[in-house]
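*Asks:* Got a structure for you, questions after.
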Amino acid sequence: MSTNTPILRCTDFSSITVTPSSSSSHPLDSPSFSVPPSILTHLETASQHLHLHRTVAVPTETVYGLAASSLDPEAVQAIYRIKNRPSDNPLIIHVSSLDMLRRLLPPSYTLSPLYLALITAFWPGPLSLLFPSPNPPPPPAPQTNAIRMPAHPLALALINHSNLPLSAPSANSSGRPSPTRAEHVFNDLNGADGLGCILDGGDCGVGVESTVVNGLGWKEGGGGEVDILRPGGLGVEEIARIVEQVDGQAGKTAILVHGKIWQRGGPSVSTNPPTSNGHSLAESGKPKAATNLPPSTPGMKYRHYSPRVPVFLLEPSNVFSRPAAISDEAESSAQAVLRQIAQRVPLSKGKSRRRIGLLHFDNSPLRQQISSSINEAGIEIVPVSLGDSAATAAQRLFAGMLTLERVSSSQREHVEGGVDAIMIEGCSDDGLGLAVMERVGKAVGGGGRSGDLANGESKGGIEGGNRFWVDVGHR
């Protein structure tokens, strides 16, 4: 019989101090840590679990991670088992110093001027960089490791105290929304065999996973490329800014996102299929060409972030232009779209009305028009704010989905199990908006996926027709 996983409260983590190196070439070479006794006791407990082949849930600035020693194959396998994670979905390694980083690299490898500049600018922080593996498996398996230095002081202190590099994907069952609070981890993984404890470090500040960058194709003097493999908590614009600083001018290095050329202010590089207001387009329903090559970093092959209920993306006309597939005569008002969505959502047993969650931006025309449309019979809207920007949306997106799954009814009837469906307001893909929209695009559909699914595969949920363009100028 499983027992409850202990939650170790470390909410005074801000009292941890990290002092940069003073007698070395870089301030991150070997920083020193000062940890208050109340937290040190919990770090020692967590460290013991890590050295005994167990995992520990730990907060980072992005999301909570399910951490295990990167040097311990048995512990790493426990991550895959607890998460039900596909065996070819790689893990990101977390370090607390550049000295620890160097121990994970081939002896002959030296940091490029670009990597040194990116590390200086953004570490600790939500940036993972691809490095050559010192002992790579035979091809076609990836010959690289993604490594980052987290910014949350509790994560840094645990890595330093245990003296272990930690592999740490998000601390949730694969395919589910990533946890940004300790309670999210507990609700999902409590009692899992091999999970030693959960360190509670409060809410995560960034809220989406790290940006993963392959800069191994950069060339000094120009002519190379830098590929953003996974948009995340650091905007593409920030990566491009450092590349241009190192190059001495713009345009010497190609900036790619998912292998496609990125240009500042250019067209969207979103991988989401086109919107057709509830109707599946041939090109949107067709899976991408399959590849037999294993992914080199998380987020490249599998679908994630799926709540247990259907998810619909709403693209308001004040942000998104009318898609070519939608005629001028098509019903695209908020009321018409809400009616279409309600027709697709089954009425749960014991409920007299459909409860539909709405993750929305503050003061948005869409929110106002949806609210004025709830006179539709049998619909209750449960609004949750994403804030007023892409940055706040990144912080609140996963927590909002998980909250709506469990929210109680405001009506007199007793309702369990949260909402019946979730609608999410889309945003521009500028800055962190790209990471937000990528996560929303992978969540669309929903319906309780269990385990990661390869792009184009489906399992449960409402398939196709989950994206709606909403004419917020139409009343």
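*Asks:* Collect residues whose amide H, placed 1.01 Å from N in the peptide plane, falls under 5 Å from the amide H of L256; neighbours closer than 5 in sequence don't count.
*Replies:* V226, D227, I228, W262
*Asks:* Let me ask you something else. In Å, what Kirkwood hydrodynamic radius results for segment 178-272 from the alpha-carbon pair distances?
*Replies:* With all distinct Cα pairs of segment 178-272 included, I get 15.8 Å.
*Asks:* For segment 153-163, take each phi angle, set θ = phi - 60°, evaluate the Karplus expression 6.51 cos²θ - 1.76 cosθ + 1.60, and give the result in whole Hz per residue in order, putting x for glycine and proline.
*Replies:* x, 5, 5, 4, 5, 5, 4, 5, 5, 7, 6
*Asks:* What is the Cα coordinate range of segment 87-129 on the first, second and third principal axes, sorted by size from largest, in whole angstrom?
*Replies:* 34, 26, 18
*Asks:* List every residue whose amide H lies under 5 Å from the amide H of V311, counting only residues 5 or more places away in sequence or on a different chain, with H placed 1.01 Å from N in the peptide plane.
*Replies:* Distant-sequence amide H within range of V311: I422, G445, G446, G447, I462.
*Asks:* Given a Förster distance of 60 angstrom, what is the FRET efficiency for Y109 paired with S352, based on the Cβ-Cβ distance and rounded to 0.05?
*Replies:* Working: r = 64 Å, r/R0 = 1.07.
Computed FRET efficiency for Y109 and S352 comes out at 0.40.
*Asks:* List, largest first, the extents of the alpha carbons of segment 6-50 along their principal axes, each in whole Å.
*Replies:* Projected onto its principal axes, the Cα set of segment 6-50 covers 41, 22, 13 Å.
*Asks:* Give a quick list of GluC sites (Glu not before Pro) in segment 1-88 that DSSP marks as loop, anything other than H, G, I, E or B, with at most 11 other Cβ atoms within 10 Å.
*Replies:* In loop regions of segment 1-88 (DSSP not H, G, I, E or B), there are no sparsely surrounded GluC sites (Glu not before Pro).
*Asks:* For T120 and S321, what does the FRET efficiency come to when R0 = 56 Å and r is the distance between their Cβ atoms, rounded to the nearest 0.05?
*Replies:* 0.90
*Asks:* Let me ask something else. Averaged over every viewing direction, what's the projected area of the C-alpha convex hull for segment 7-200? Give it in nm², one decimal, please.
*Replies:* 10.9
*Asks:* Still on this model: Between Q368 and A250, what FRET efficiency comes out of the Förster formula 1/(1 + (r/R0)^6) with R0 = 51 Å and r the beta carbon distance, rounded to 0.05?
*Replies:* In this case the efficiency is close to 0.80.
A short reminder: the numbers here are calculations on the coordinates, not readings from a lab. Remember, predicted model here, so these are calculated numbers, not experimental data. In this analysis, Cβ positions are derived from the backbone assuming ideal geometry, glycine residues included, and neighbour counts consider all displayed protein chains.
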